[in-house]
Each structure stands twice: as C-alpha cells, then as structure tokens.
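Readers should treat all values here as calculations from the given coordinates under stated rules, not as data from a laboratory. Keep in mind that this is a model prediction, so the values were computed, not measured. Glycine also receives a Cβ, built like all others from the backbone with ideal geometry; neighbour counts cover every protein chain displayed.
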Amino acid sequence: MIDVKRILVGTDFSARAHLALRYGAEFAKVFQAELLLCHILEPIDLLGTLPPVTESYIPANLPQLQEQQAKSQCEKLLAEVQVPKSRMILVHGTPFTELIRTARAE
C-alpha cells in the first residue's frame, strides 16, 4: 500500500485551486496524511496597479495587509475541508519556484 505522509496543495484562491484543495483534503483523510495548504505572496507591482491618469493612495503596510488577508483566507479554507492534521504555509516569491521549493523542503 502507498504510504502518504503529507499532501501539498497550492492555492491562488481561484475556483480551480479550491477544487484541487477538496481533492487533496479527501486524499489526506483517506491516507491519514497531513494536508499542507500553500499560498505564495508575489512581489507587488505598484506601477502596474496604478491607473494611468489619476492619483492613488497605496498604504505603506500593503504587503502586511495582503499577508493578513491570505492568512485569513487559508484559515477559512482549512476550516472548510476539516482535515485533522493540516497547516498553512505562506511564502513570498514567484509561485512556481516557491511551490517547488516548499515541496522539496516538506
């Protein structure tokens, strides 16, 4: 029999990521494995988010606000799938690079 200890699911909070989380959660329950929900916080492109003509206010603590929001969303998702052994991982960087790095580290 396959011995699965941990299942890593990456999320960008999209509908497809939510579906992947549901599958990962079911596998974790069947194998009594730990579910790791990983969200990558990408660097903020402030120039790309500004309208071309108007002035905007960008809070100085924007990265912290985004991290708090991501943490809150991950907590909500983990509570929804109800896997006994689960935890969230929040990482800063490029999504595909950091997801691979996290998979290797875990």
*Using 0.36 nm per residue of separation minus the Cα-Cα distance, give me the extension gain between M1 and Q66 in nm, one decimal.*
19.3 nm
*What does the charge count near H92 come to, summing +1 for each Lys or Arg and -1 for each Asp or Glu among other residues with Cβ under 12 Å from its Cβ?*
-2
_Loop by DSSP (not H, G, I, E, B), at most 14 other beta-carbon atoms within 10 Å: where is the longest site-free stretch of the chain for chymotrypsin sites (Phe, Trp or Tyr not before Pro)?_
58-106
*Amide H of R6: which non-local residues (sequence gap of 5 or more, or other chain) have their own amide H closer than 5 Å, using H built in the peptide plane?*
E34
*Among (i) 16.3, 61; (ii) 14.8, 47; (iii) 13.5, 41, the entry derived from the coordinates for Rg and Dmax of the Cα atoms in Å*: (i)
